[in-house]
Amino acid sequence: MSARRPAPRRIAIETAADLGASAILRIARAGDVPELSAALTDRVAARRARVLHALESGTPVYGVNTGMGALSERRLDQSEQARHQEALMLARSAGGPPWLTRGETRAVLAVRLRTFLNNDSGVSAGLCEQLAAMLEHDVLPAVPRSGLGNSGEIIALAHLAAPISGRGLVLSGDGSAAGSGAREPAVDAVPAEAVPAEAALDAAGLAPLRLGAKEGVALIQGVPVTTALAILHAEDARTLLRQCVSLVAAEFALTGAARDAIDPVLARGDEVLRQVTAELSRLAGTPEAAARALQPPVSFRVSGQVLAHLERAVTMLDAAVQRALEGITDSPAYAEADDGGGGRFLGTAGFHGYDLAAHLHILTVAVIGAAELGATRLHRLLDPKTSGLNPQLSPDPGPHTGLSPVHKRAVGVVHALRRLAAPSTVGTIETSAGQEDVQTFSVEAAEDCRRALDGLREVLACELLAVHQAHALGARSPRGADWLSGALAETAAVLPSGTGDRFFGQDVTVLLELLARGWPTA
């Protein structure tokens, strides 16, 4: 009999700003749920009333009383308008598996809710409450993660929106995956299955919500998928950055490499580099003997610069996420003058997602650079001139191969990552009979970033295995690197004893799980 899940923690949402990136992370990964205040839903309802009043004029409003895209010149009569908001999801639900994971989908729902609480879309309080209820009961739409090339996220968002009114598909399962930790590594490895939404809503005690005027078009506008994935990827990148710093410091420590290049005094004019090199220097400890060479390999010496750039890339993506959460991404948006002089519907370009796509690409390239450097340092660890140990970190070179094949695996990963270095924002392809004549493919930019992060984690697992092997073969920690003893013990606890050849691929798999759990934990 499975253990009963603890009740989720509630996040009080008094204003839209309360549903920021940190709250969205909690919702996605800890299974927390947003609790909308009455004052907030009252403000949403008040704006909704003004929007409905404005629509009564009969002025053309894109996607409300007109068609969409190349068909927007067609005016809809009253009976057509009544069906239109839910009909928008039908043909646009053109995607399929693989689906986003449960954690990713929770993040997307939370971002969609946040953009509605900004009050530019003019949706009802009931729609906002339905989104919050779906998060609380873990009724998660099946959202495709690929095949989404279009101007905006319309295909993905149609899949997200359809289950709100009881149509389409939701992810199967009881939601026990929610809150399983960083990136849900074990869960993500298993493709999610999908089941009909209406039965899942009923099982959760939720009724399908009939979409009102403008609510359907609001649901498929903006870039909540890219925004949500960017939030998750930025958090994962911060974890991997910390692990990169730990591994580089461990390599300096165990090889006794000269420390000049990580002396923070050399980082004048670059505060980020100063912080990174200061941390590397602190973790690497104090050598107890003269360095084996006047200068270590370039891959060691430039690590501080590459990791400082990775830090900057994450920070820039954080800023782009904040702009996406605060900005007007709905189209048409209902904009009201600050002086209360009335509102108007404005078509926007908030669906384009260029800012997020560009900064996701910057992070992707930075991650690839860190992975390339990790594979190169790993190669140097196999060289006695760098390590002072046996060739290929073999306990008995010849009869035992050592870790040369593990390095080959890391090289293969890096080679595959290089194909992700082309930006998604370059290359236009017309769709919708020319109505949509440029795209950013921002969701694809997020997917490329996810693959790069997974690749970096795999390279780090190979690198960690080499660090473990070097220590097992006799490399010793210097003074001041006490943390390293705990980190190495944490590593050794999940690996077989001994240094002889074995199925090293199994070791890498175990170390991938260890990294996903947050090594080093001390």
Query raised in the report: So how far, in whole Å, is the C-alpha centre of the stretch 481-497 from the one of the stretch 419-455?
Result: 41 Å
Requested in this report: Could you give the DSSP H helices of the chain that reach 27 angstrom or more along their long axis (alpha carbon positions) and whose average Kyte-Doolittle hydropathy is no lower than 0.5?
Outcome: 224-255, 354-381
Report task. Would you mind calculating the gained length between residue 344 and residue 421 on full extension (0.36 nm times residue separation, minus the Cα-Cα distance), in nm to one decimal? Result -> 23.6 nm
**Report entry** Cα convex hull volume per residue for the stretch 10-221 (Å³)
**Finding:** 114 Å³
Query - Cα-centred dipole magnitude for the stretch 422-507, charges only on beta-carbon of K, R (+1) and D, E (-1), debye, nearest 20 - result: 680 debye
**Report entry** the chain, relative contact order in percent, only Cα pairs under 8 angstrom and at least six apart counted
**Finding:** 16 percent
Requested in this report: Grab every C-alpha pair in the stretch 65-115, bin the distances at 10 angstrom width from 0 up to the longest one, and report whole percents.
Outcome: 20, 33, 30, 16, 0
Report summary line: Here the gain from full extension of residue 80 to residue 485, 0.36 nm per residue of separation minus their alpha-carbon distance, amounts to 138.8 nm
Report task. With only Lys, Arg, Asp and Glu charged, each at its Cβ (+1 for the first two, -1 for the last two), find how big the charge dipole of the chain is about the Cα centre; round to the nearest 20 debye. Result -> 940 debye
Query raised in the report: Rounded, prolate or oblate: which one fits the stretch 1-112, using the alpha carbon gyration tensor with axes a ≥ b ≥ c (rounded when a/c is under 1.5, else prolate when a/b beats b/c, else oblate)?
Result: oblate
Report summary line: With the dipole of the chain defined by +1 on each Lys or Arg Cβ and -1 on each Asp or Glu Cβ, the option from 349, 125, 366 whose Cα lies farthest towards the positive pole is 366
Query raised in the report: Using only helices, what value at 222 nm comes out for the chain when you add -39,500 (n - 2.57) per DSSP H run of length 4 or more and divide by the total residues, to the nearest 500 deg cm²/dmol?
Result: -16500 deg cm²/dmol
Query raised in the report: How big is the antiparallel share of DSSP beta bridges in the chain, given as a percent to the nearest 5?
Result: 70 percent
Query raised in the report: Using Cα pairs under 8 angstrom and six or more residues apart, how large is the relative contact order of the stretch 33-136, in percent?
Result: 42 percent
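Readers should treat all values here as calculations from the given coordinates under stated rules, not as data from a laboratory. Computed from a predicted structure; not experimentally measured. Every residue, glycine as well, gets a Cβ built from its backbone with ideal geometry; the counts of neighbours run over all protein chains shown.
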